[in-house]
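To start, the structure itself, in C-alpha cells.
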Amino acid sequence: MLGWYFDIILDFLIRSISRWIKSYRYRDWRAVETILAGSQVDETPAFGCYKTVLAYIYKLNGELYPGDVSKPFLSLSSAKEYASRFTRGSKITIRADPQRPDKSFVRDQDNP
C-alpha cells in the first residue's frame, strides 16, 4: 500500500518539475490570446496523480492549431477547482513556438 502512495507522489513530482522547466524554457515564446475549447479532470487515474487537461485552439501566422496541456494535482478537489477556473469559451494566454507554431504551452504565470 505504501508503494502505491509513493507512485502517486513520484508521478506528481516528475510532472510538476517537467511543467516548471517547460514554463521557464518557453517564457520567451510568443504570447497568444486564445479561446479555451474545454477543460477536463482525470478523476480516476490508472497510475499516478490526478490531472487537469486544458484544450484550446490558437491562431498563429494566419493558421489554426490545436493544443492541450495537463497539470498534475495530488487531490481531486484541487484538480476540479483549477479546472473550474477555465470554462469553455474563456480567454487564456498560451505560449507558441515561433519556429514550430504547432508547439504550445500554457503557463500559470500568464493566466493568474
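Quick notes
- Which of Arg88, Arg95 has the fewest Cβ neighbours within 10 Å, and the rest in rising order: Arg88, Arg95
- Where labels lie 7 Å past Cα in the beta-carbon direction, separation of Ile21 and Phe47 in nm: 1.9 nm
- Our summary gives the chain a relative contact order of 30 percent, counting only alpha carbon pairs under 8 angstrom and 6 or more residues apart.
- With Cα atoms, 0 to 90° folded angle of helix 2-25 axis to the chain main axis: 20 degrees
- Proximal aspartates and glutamates to Lys22, defined as alpha-carbon separation beneath 13 angstrom and excluding residues fewer than eight positions away on the same chain: Asp97, Asp108
- Reported label for calculated Rg/Rh (Cα atoms, Kirkwood Rh) given (1) 1.01; (2) 0.98; (3) 1.23: (1)
- For region 2-110, a simple Cβ point-charge model (Lys and Arg +1, Asp and Glu -1, everything else neutral) yields a dipole of about 300 debye relative to the Cα centre.
- Under a Gaussian network description of the chain, with springs only between Cα atoms under 10 Å, the residue in Glu63, Glu33, Glu43 that fluctuates furthest is Glu63.
- Fewest-first ordering of Lys71, Lys103 by other beta carbons within 10 Å of each residue's beta carbon gives Lys103, Lys71.
- Dipole-positive endmost among Ala83, Ile35, Phe73 within the chain (Cβ charges, Cα centre): Ile35
- Derived from the Cα gyration tensor, the three semi-axes of the equivalent ellipsoid of region 1-44 are 29, 17, 3 Å, largest first.
- A simple rule links phi to the HN-Hα coupling: the Karplus curve 6.51 cos²θ - 1.76 cosθ + 1.60 with θ = phi - 60°, which for region 102-112 gives 7, 9, 8, 7, 9, 9, 4, 5, 8, 9, x Hz, with x for Gly and Pro.
- Relative contact order of region 48-112, defined on C-alpha pairs under 8 angstrom at six or more residues apart (%): 29 percent
- Counted by neighbouring Cβ atoms within 10 Å, the residues Thr93, Thr87, Thr52 run from fewest to most as Thr87, Thr93, Thr52.
- Spin-label pair Ala31-Tyr5: with each label point 7 Å from Cα along the Cα-Cβ axis, the two points sit 4.1 nm from one another.
- Think of it as helices only: each DSSP H run of n ≥ 4 in the chain is worth -39500 (n - 2.57), and spread over all residues that comes to -10000 deg cm²/dmol at 222 nm.
- Estimated vicinal HN-Hα couplings, Hz - region 79-85 in sequence order (Karplus 6.51, -1.76, 1.60; Gly, Pro = x): 4, 5, 4, 4, 4, 5, 6
- Those residues of region 33-75 whose amide nitrogen sits under 14 Å from the label point placed on Asp102, 7 Å along Cα→Cβ: 63-68
Rule-based calculations on the coordinates, nothing more; no lab input. Source: prediction; values computed, not measured. Glycine gets a Cβ as well: all are built from the backbone with ideal geometry, and neighbour counts include every protein chain shown.
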